[in-house]
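To start, the structure itself, in structure tokens.
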Amino acid sequence: NFSSKACSHFTVCSTPERSYMEKYKAIGYENIILANWHANSEWFPEVDFKDKQFYASFIGAPNASRQQFFDAAEVEIRYFHGLSQKQLFEAFSSSKISVNLSVNNNDPDKKTQMKQRLFEIPAGGGMLITEYHEGLEEYFEIDKEIITFSTTDEFRQKMNFLKSNPKIVENIAKNGHDRFMKEHDSKVRLEKVLKEIMSV
């Protein structure tokens, strides 16, 4: 509701959701651009993959749906919350695998959405395994640069497979980090966004 009322007061607005582009246009606002989350790689400590302290982690505020997911998955995950910004960057950089759950818990229908973890995890050099959300393919190549899942069972099966294939984890983490540095690092993303704003 806020965005639909405020957008007309701005020269340009952005959304991380391609599906929302038409919603803005439907209310008569044409100056909408697609500009997703990003992260500044300079804030993330560089940790060699073999030296990462945690095998798998999730970073986020605890809530009932997240706890239910991890309880049902029966996969060992290091759960972090209440971290300072510096500790958050360190935790991502210290994890070989980090999980992103995409459900928007503020949405009554519990739809998925783009999350900043999608970019923070590769920024830290860990492998991203994420709940699938429409449009992810625009940012990363699935099964080469990131891993996705849609159900708890699929998450469990993929995590068990990855645990038995550590080289695959390392390769996907490297590919994801390389793609991040090329297209999603803050300095790259913001340069592109500024060019788009200037062309409106």
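So which pairs qualify, if the first residue must be in segment 42-70 and of a type in the set (Lys, Arg), the second must be open to solvent by 50 Å² or more (accessible area, probe 1.4 Å), the Cβ gap must be under 6 Å, and the two must be at least 6 apart or on different chains?
LYS52/LYS96
Need at least 2 residues that are in contact with a Ser or Thr (Cβ under 9 Å, 6 or more places away or on another chain) and either open to solvent by 60 Å² or more (accessible area, probe 1.4 Å) or at pLDDT 95 or above (or both) per element, so show me which helices (runs of 4 or more DSSP H) inside segment 135-200 make the cut, counting only ones lying wholly within it.
Ranges flagged: 152-163, 186-199.
Please find, within segment 16-50, the residue that is surrounded by the most Cβ atoms within 10 Å (Cβ to Cβ) out of those that are part of a strand (DSSP E or B) and within 18 Å of the chain's Cα centre (by Cα).
This residue is ALA39.
So TYR55 passes all but one of these: (1) modelled with pLDDT of 95 or more; (2) under 17 Å from the mean Cα position of the chain (by Cα); (3) aromatic (Phe, Trp, Tyr). Which condition number does it fail?
Of everything listed in (1) modelled with pLDDT of 95 or more; (2) under 17 Å from the mean Cα position of the chain (by Cα); (3) aromatic (Phe, Trp, Tyr), TYR55 misses just condition (2).
Is it the case, given these coordinates, that GLU131 is within 22 Å of ASN175 (Cβ to Cβ), touching a helix residue (DSSP H, G or I) at 6+ places or on another chain (Cβ under 6 Å) and crowded, with 16+ Cβ neighbours inside 10 Å? Break it down stepwise before answering.
Values: within 22 Å of ASN175 (Cβ to Cβ): yes; touching a helix residue (DSSP H, G or I) at 6+ places or on another chain (Cβ under 6 Å): no; crowded, with 16+ Cβ neighbours inside 10 Å: yes.
Here the answer is no, as GLU131 does not meet what is asked.
Got at least one residue in segment 6-23 being over 26 Å from GLU154 (Cα atoms), among the small types (Gly, Ala, Ser) and touching a residue at least 12 places away in the same chain (Cβ under 8 Å)?
There is at least one residue in segment 6-23 that is over 26 Å from GLU154 (Cα atoms), among the small types (Gly, Ala, Ser) and touching a residue at least 12 places away in the same chain (Cβ under 8 Å).
Output the number of residues of segment 51-100 satisfying the condition of being of a type in the set (Gly, Ala, Ser), touching a strand residue (DSSP E or B) at 6+ places or on another chain (Cβ under 6 Å) and not in a loop (DSSP other than H, G, I, E, B). Don't jump to the end; show me each part of the working.
We begin by selecting, within segment 51-100, every residue of a type in the set (Gly, Ala, Ser); these are 56-57, 60-61, 64-65, 72-73, 82, 84, 91, 93-95, 98.
Okay, now just the ones that are also touching a strand residue (DSSP E or B) at 6+ places or on another chain (Cβ under 6 Å), so 56-57, 91, 94-95, 98.
Filter once more, keeping what is not in a loop (DSSP other than H, G, I, E, B): 56-57, 91, 95, 98.
Total meeting the criteria: 5.
The values are calculated or read from the model by the stated rules, or taken from the named source; none is laboratory data. Computed from a prediction, not measured in an experiment: that's the story for all the values here. Cβ atoms come from the backbone with ideal geometry, glycine included; neighbour counts cover every protein chain shown. With ligands, DNA and RNA removed, areas are computed over all heavy atoms of the protein, side chains included. Shrake-Rupley method; radii C 1.70, N 1.55, O 1.52, S 1.80 Å.
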